[in-house]
Amino acid sequence: MKAFTICRSISAIGFALALLPGLATASSFVGSLHVIPGPSTVPANGDVNPYGVAVVARSSGKLVRGHVLISNFNNGSNIQGTGTTIVDVAPNGALSVFATISAKNLPGPCPGGIGLTTALSVLRNGWVIVGSLPTADGTAATAKAGCLLVLNNQGKVVETFSGTKFNANINGPWDMTALDLGNVAELFVTNVLNGTVAANGSVVKRGTVVRIILSVPAGSDNDSDDTMPHELLRTVIGSGFEERTDPAALVLGPTGVGLAPNGTLYVADTLLNRVAAIPNAAFRSTNAGTGQTVSMGSHLNQPLGLTVAPNGHVLTVNGGDGNIVEISPGGAQVATKTIDTSGAGAGTLFGIALTLDQKGLYFVDDGDNTLDLLH
């Protein structure tokens, strides 16, 4: 029965991709856009270091269409890997808390506890999935494998995805994108803790990209077992990416991922200042290694968050200088723009997400803990 479900799900994925528009190669997406400084992302408990950004496309429970969810990586004492909140920012800038997650009340394993990462997605059936890469004291020495946390539309954690399954490991989920088809979804998750802590600052080439195929029922206001998302298959579709611990950033490794309409998955290869491409990512059954180099060096300076613009270009933000870089599918770096609003530059930019109308880009700025807009 599971094999039949997987085959049917993959067929649905193929049909949906076939309906998507082809890649365009129009002029620059970000070139004519301007930065609009936005509201604070700091909730009442003081959590800082906003990482993940996800736009709500469909209202359900506490999820409101057009609102933006943001995951916080640090707690109120600014200790990395200890942030526990997902905040909600309305279009008018009003801030509320969607979820506060306690490690003591999890329904499944999440080794090390809670430290919410850039891996954040909202599925159309009302489920929110967020990564955790936790520490005990903010240092890489205490970082643990973590998990993916599944929350219902009321902000309650109802299950976790962790450990090794189908020969694919979740170990330090750092960023994520989703192909959301309603009752079926694919998650593409980068992992940065495969041997990283043991290497004690040395580079190891063990970062991975794991694809997870999910069955996604409707009814996310219900947390009974038969209405929750279920894993159908995990596959390692990329591996060998460089990663290492870092005293300022905790860990550096493959970060942002974005899926193009032709099924190519773009990966921000942070340590090599590179954007890589994994072809046929939605279907492939084999490991593409570190993928094909699309663009490397020049204006790329520790690329972190990544998405694909409506014109088919890759957008990625630098951890090294506070800039956004736009790259054509052919590898040309067609635009670079400084978007950091804090003036701190390096170490401020993380998650990015297109606006609902696809005409702008939300981004978080750790320098002043804000959600800003490029429009």
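Would you confirm whether any residue within region 295-304 is closer than 19 Å to I36 by Cα and at pLDDT 95 or above? No. For region 365-375, give me the residue count where each residue is outside any strand (DSSP E or B) and under 17 Å from G31 (Cα atoms). So the answer is 1.
Is there a residue being in a loop (DSSP other than H, G, I, E, B), among the β-branched types (V, I, T) and either buried (at least 24 other Cβ atoms within 10 Å of the Cβ) or at positive phi (or both) anywhere in region 178-193? Among the residues of region 178-193, at least one is in a loop (DSSP other than H, G, I, E, B), among the β-branched types (V, I, T) and either buried (at least 24 other Cβ atoms within 10 Å of the Cβ) or at positive phi (or both), which makes the answer yes.
Among the residues of region 80-100, the one identified as on the phi > 0 side of the Ramachandran plot and crowded, with 23+ Cβ neighbours inside 10 Å is G81. For the structure I just gave you, tell me whether A248 is assigned to a loop (DSSP other than H, G, I, E, B), more than 22 Å from the chain's Cα centre (by Cα) and modelled with pLDDT under 95. Against the criterion (assigned to a loop (DSSP other than H, G, I, E, B), more than 22 Å from the chain's Cα centre (by Cα) and modelled with pLDDT under 95), A248 does not qualify. A residue that is of a type in the set (V, I, T), touching a helix residue (DSSP H, G or I) at 6+ places or on another chain (Cβ under 7 Å) and touching a residue at least 12 places away in the same chain (Cβ under 8 Å) occurs nowhere in region 296-311.
For every residue, the table says whether it meets (1) surrounded by 19 or more Cβ atoms within 10 Å (Cβ to Cβ); (2) part of a strand (DSSP E or B); (3) under 19 Å from the mean Cα position of the chain (by Cα).
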{"position": "A277", "(1), (2), (3)": "yes, yes, yes"}
{"position": "V294", "(1), (2), (3)": "yes, yes, no"}
{"position": "G305", "(1), (2), (3)": "yes, yes, yes"}
{"position": "G320", "(1), (2), (3)": "no, no, yes"}
{"position": "G330", "(1), (2), (3)": "no, no, no"}
{"position": "G343", "(1), (2), (3)": "no, no, no"}
{"position": "F363", "(1), (2), (3)": "yes, yes, yes"}
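Flag: A268 matches the condition of being under 16 Å from the mean Cα position of the chain (by Cα), within 30 Å of R124 (Cα to Cα), of a type in the set (G, A, S) and buried (at least 23 other Cβ atoms within 10 Å of the Cβ). Only residues that are under 18 Å from the mean Cα position of the chain (by Cα) and surrounded by fewer than 24 Cβ atoms within 10 Å (Cβ to Cβ) were counted in region 127-147, giving 1. Pairs meeting the criteria (first residue in region 268-289 and on the phi > 0 side of the Ramachandran plot, second residue β-branched (V, I, T), beta carbons under 8 Å, at least 6 apart or on different chains) are N280/T264.
The set of residues from region 261-275 being farther than 17 Å from I212 by Cα and not in a strand (DSSP E or B) comprises P261, N262, T270, L271, L272, N273. Read through the list (1) more than 23 Å from G115 (Cα to Cα); (2) over 17 Å from the mean Cα position of the chain (by Cα); (3) of a type in the set (D, E, K, R), then give the number of the only condition that D180 fails. Exception for D180: condition (2). Checking each residue of region 153-160 against the condition of being at pLDDT below 95 and either closer than 20 Å to Y266 by Cα or in contact with a strand residue (DSSP E or B) (Cβ under 8 Å, 6 or more places away or on another chain) (or both) gives no match. N167 meets the conditions (1) under 14 Å from the mean Cα position of the chain (by Cα); (2) modelled with pLDDT under 95; (3) of a type outside the set (A, V, I, L, M, F, W, C) in every case but one. The failed one is (1). Take A281 and decide whether it is at pLDDT 95 or above and among the hydrophobic types (A, V, I, L, M, F, W, C). Yes, satisfied.
State yes or no: is I352 within 15 Å of the chain's Cα centre (by Cα) and either outside any loop (DSSP other than H, G, I, E, B) or touching a residue at least 40 places away in the same chain (Cβ under 8 Å) (or both)? For I352, the condition - within 15 Å of the chain's Cα centre (by Cα) and either outside any loop (DSSP other than H, G, I, E, B) or touching a residue at least 40 places away in the same chain (Cβ under 8 Å) (or both) - is met.
The values are calculated or read from the model by the stated rules, or taken from the named source; none is laboratory data. Note that the structure is predicted; figures quoted are calculated from it, not measured. Every residue, glycine as well, gets a Cβ built from its backbone with ideal geometry; the counts of neighbours run over all protein chains shown.
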